[in-house]
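In what follows, a single structure is set out as structure tokens and then discussed.
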Amino acid sequence: MPDQTLAGRKVAVLATDGFEQSELEKPIEALKAAGAQVEVVSPKGGQIQGWEHHDKGRMVPVDRELSTAMPEDYDSIVLPGGVMNPDALRLEPKAIDFIKHFVTTKKPIAAICHGPWTLINAGAVDGKAMTSWPSLEADLKNAGANWVDQEVVVDDGLVTSRKPDDLPAFCAKMVEEFAEGRH
């Protein structure tokens, strides 16, 4: 029998060109396997370009443009990494406002690798235990986070991981926290 842990839940995966391929695709697979409805939300329509480390990866279709996405319609959000993706999203006021909705309404958030960069701009890291790609350590600490070097860290509905190797633990905790709902 398929896992229906997240049946009836709708999850946004906020990304743009430059996302790390596995950090977008593996969480989507895990969420769908748990019964969630998942939408890739992006500032641009059509398709977005993935990367596999330093090489171009595959294109992924965008399900909903950010300009038409209503954060109230989603129960949780995933913020994949890749260097270019979150760096570009940080410059999009609508993307930061979209993320802020999940912060202020205490909906679960999962961010991996460079994904937590956007959480700094959304004012979501002060006092939070978090991890990330090592190069974000100083940024997160300077924004008030309690940064640790661990495979996966959970703090009051916020799930963070460091890199693609952490995806199994990240996806498991993400599904668990998303099933719990608001914190």
Among the residues of the range 57-79, the number that are in a strand (DSSP E or B) and over 14 Å from Glu23 (Cα atoms) is 4
Given the criterion within 23 Å of Glu176 (Cβ to Cβ) and surrounded by 17 or more Cβ atoms within 10 Å (Cβ to Cβ), identify the matching residue among Ile96, Ile77. Ile77
Restricting to the range 80-132, what's the tally of residues that are of a type in the set (Asp, Glu) and either touching an Asp or Glu at 6+ places or on another chain (Cβ under 8 Å) or part of a loop (DSSP other than H, G, I, E, B) (or both)? 2
Need pairs with beta-carbon distance below 9 Å; first residue farther than 16 Å from Glu20 by Cβ and within the range 154-177, second modelled with pLDDT under 95 and in a helix (DSSP H, G or I); sequence gap 6+ or separate chains. Gly157/Glu180
Restricting to the range 132-152, what's the tally of residues that are out of contact with any helix residue (DSSP H, G or I) (no Cβ under 8 Å at 6 or more places or on another chain) and not hydrophobic (A, V, I, L, M, F, W, C)? 8
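The values are calculated or read from the model by the stated rules, or taken from the named source; none is laboratory data. Everything quoted here is computed from the prediction, not taken from an experiment. Here Cβ is always computed from backbone atoms with ideal geometry, including for glycine, and neighbour counts include all displayed protein chains.
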